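Colleague: Below you will find the structure I want to go over with you.
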Amino acid sequence: MNIRKLGHSEPPPLNLLLLADPSIVFIKDYLNRGDTYIAELNGEIIAAYILLAARPGTCEIVNIAVSEKHQGAGIGRKLLQHAIKLAFQNGNKTLEIGTGNSSIGQLALYQKCGFRITGVDKDFFVRHYKEDIFENEIQCRDMIRLSMDLER
Ligand code: ACO
């Protein structure tokens, strides 16, 4: 598997990015403002993430997705490790990520990779998404904010 930056003229893997976020409006905004990285296996894009400069010294992984047939095989963890290294090499001090209160597996993965919970954006998903979102029989209402200090 090879991870590389998506070229400006290449079409973004929207189907993958929509697995992580049902809002095409948000995704297009992130694609415009951030850098997209893709993971390829035998010429097929199987995973992607978008890294966004949030403010000076801080960037955020605003979307991360692995194709359904490749989930659970350690690829998400590899992408997170790639993003952590890249954010550090780019001189950032902090890397952030956010996910829904109902995203139990994602919350487990991010904490296993070293992210710590810093806050809750209450009712983020209720305010910004037209449709109700349910996962693990829990309504996704709040965004759990996590961050990581990048070591010098
Ligand atoms: N409880 C505890 N641990 C869990 C659970 C759970 N319910 N679910 C998953 N995990 C852990 C696994 O044990 C594993 O840890 P391990 O490596 O120590 O065994 C880890 O989470 C899964 O790791 P990977 O196999 O690397 O994960 P994967 O390749 O499936 O990628 C991802 C994770 C990106 C969340 C993928 O499943 C996906 O694309 N899901 C749909 C889209 C999505 O939800 N994206 C994130 C939205 S938030 C955002 O984009 C910022």
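Each reported figure results from applying straightforward, stated rules to the coordinates on display, with no laboratory input. Just so you know, these numbers come straight off a predicted model, no measurement behind them. Glycine also receives a Cβ, built like all others from the backbone with ideal geometry; neighbour counts cover every protein chain displayed.
Colleague: Checking the condition closer than 23 Å to residue 71 by Cβ, in contact with a Gly (Cβ under 9 Å, 6 or more places away or on another chain) and among the acidic types (Asp, Glu), which residue from 131, 135 passes?
Modeller: Result: 135 is the single residue among 131, 135 that is closer than 23 Å to residue 71 by Cβ, in contact with a Gly (Cβ under 9 Å, 6 or more places away or on another chain) and among the acidic types (Asp, Glu).
Colleague: Are there any pairs with C-beta distances below 9 angstrom linking a residue in the stretch 39-61 that is of a type in the set (D, E, K, R) to a residue that is surrounded by fewer than 16 Cβ atoms within 10 Å (Cβ to Cβ) and not in a strand (DSSP E or B), with the two at least 6 apart or on different chains, and if so which?
Modeller: 40/1
Colleague: Residue 100: on the phi > 0 side of the Ramachandran plot and within 14 Å of the ligand (Cβ to nearest atom), yes or no?
Modeller: The answer is no for residue 100.
Colleague: How many residues, within the stretch 53-90, are away from the ligand (no atom under 12 Å from the Cβ), in a helix (DSSP H, G or I) and not small (Gly, Ala, Ser)?
Modeller: The first filter runs over the stretch 53-90 and keeps only residues away from the ligand (no atom under 12 Å from the Cβ), leaving 53-59, 84-90.
Cutting the leftovers down to in a helix (DSSP H, G or I) gives us 84-89.
Narrowing further to those that are not small (Gly, Ala, Ser): 84-86, 88-89.
Summing the residues that are away from the ligand (no atom under 12 Å from the Cβ), in a helix (DSSP H, G or I) and not small (Gly, Ala, Ser) in the stretch 53-90 gives 5.
Colleague: Right, next: Within the stretch 76-131, work out how many residues are farther than 18 Å from residue 17 by Cα and small (Gly, Ala, Ser).
Modeller: Qualifying residue count, the stretch 76-131: 6.
Colleague: Could you list, in sequence order, the residues of the stretch 15-54 that are aliphatic (A, V, I, L, M) and within 18 Å of residue 129 (Cα to Cα)?
Modeller: If the condition is that a residue be aliphatic (A, V, I, L, M) and within 18 Å of residue 129 (Cα to Cα), then 17, 18, 19, 20, 24, 25, 27 are the ones that fit.
Colleague: Anything in the stretch 114-132 that is surrounded by fewer than 18 Cβ atoms within 10 Å (Cβ to Cβ) and under 17 Å from residue 60 (Cα atoms)? List them, or say none.
Modeller: We begin by selecting, within the stretch 114-132, every residue surrounded by fewer than 18 Cβ atoms within 10 Å (Cβ to Cβ); these are 114, 116-123, 126-132.
114, 116, 117, 118, 119, 120, 121 - these are the residues of the stretch 114-132 that are surrounded by fewer than 18 Cβ atoms within 10 Å (Cβ to Cβ) and under 17 Å from residue 60 (Cα atoms).
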